[in-house]
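Heads up: the structure comes next, in C-alpha cells.
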Amino acid sequence: MIMRKDGLFYRLVVLLAALFISGTPGWAANGSRKKDATPLYKVYAVRYGMVKNFPVSALVAGAPKGQRTDMAMMFWVLEGGGRDILVDAGFFHEQFIKS
C-alpha cells in the first residue's frame, strides 16, 4: 500500500522526518552536549478525538474499498530550546465540512 501524499499521516511523517533527519549536531562524539548545541526537542502526540468507522481507502491509496478503521484525531507538541511548538496538520474530508 502507498500513503496518499495529501493525507494527514503523510504530512506528519514528513514533518517529523524533517525534524529528525537534520541529526543532532549538538552532540559531541563522546556523547556530551556541546556548549553551542542545537536544542533537544521532546515530541508529544495529543489525541483529542476519534473518527469511528473511517474508510481506509481515504487514507491509503489502493486500500480495499470496504475496509474501515477508527482514526485518532491528534495534534503534536514539540518542546525544547525554551519553546513549545504546536503542530496541527489539519484534517480535510469533504463529508465533514459540507454545509
Determine if the range 52-62 includes at least one residue that is in contact with a strand residue (DSSP E or B) (Cβ under 7 Å, 6 or more places away or on another chain), assigned to a strand (DSSP E or B) and at pLDDT below 90.
yes
Name the pairs: first residue in the range 75-89 and under 8 Å from residue 44 (Cα atoms), second residue open to solvent by less than 40 Å² (accessible area, probe 1.4 Å) and among the small types (Gly, Ala, Ser), Cβ to Cβ under 9 Å, at least 6 apart or on different chains?
76/89
Is it the case that the range 22-43 has a residue that's assigned to a strand (DSSP E or B) and either at pLDDT 70 or above or of a type in the set (Ser, Thr, Tyr) (or both)?
yes
Does residue 9 satisfy the criteria of being modelled with pLDDT of 90 or more and aromatic (Phe, Trp, Tyr)?
no
Taking residue 78 as the residue in question, decide whether it is modelled with pLDDT of 65 or more and open to solvent by 40 Å² or more (accessible area, probe 1.4 Å).
no
Across the range 63-72, the tally of residues that are modelled with pLDDT of 90 or more, surrounded by 11 or more Cβ atoms within 10 Å (Cβ to Cβ) and either among the acidic types (Asp, Glu) or under 14 Å from residue 89 (Cβ atoms) (or both) stands at 0
Take the residues in the range 37-50 that are free of Cβ contacts under 8 Å to residues at least 40 places away in the same chain and open to solvent by less than 60 Å² (accessible area, probe 1.4 Å), then tell me which one is farthest from residue 86 (Cα to Cα).
37
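The values are calculated or read from the model by the stated rules, or taken from the named source; none is laboratory data. Keep in mind that what you see is a predicted model, and the values were worked out from it rather than measured. For neighbour counting, all protein chains shown are included, and Cβ atoms are generated from backbone atoms with ideal geometry for every residue, glycine included. We work out accessible area using only protein heavy atoms, side chains counted, and drop any ligands, DNA or RNA first. Shrake-Rupley method; radii C 1.70, N 1.55, O 1.52, S 1.80 Å.
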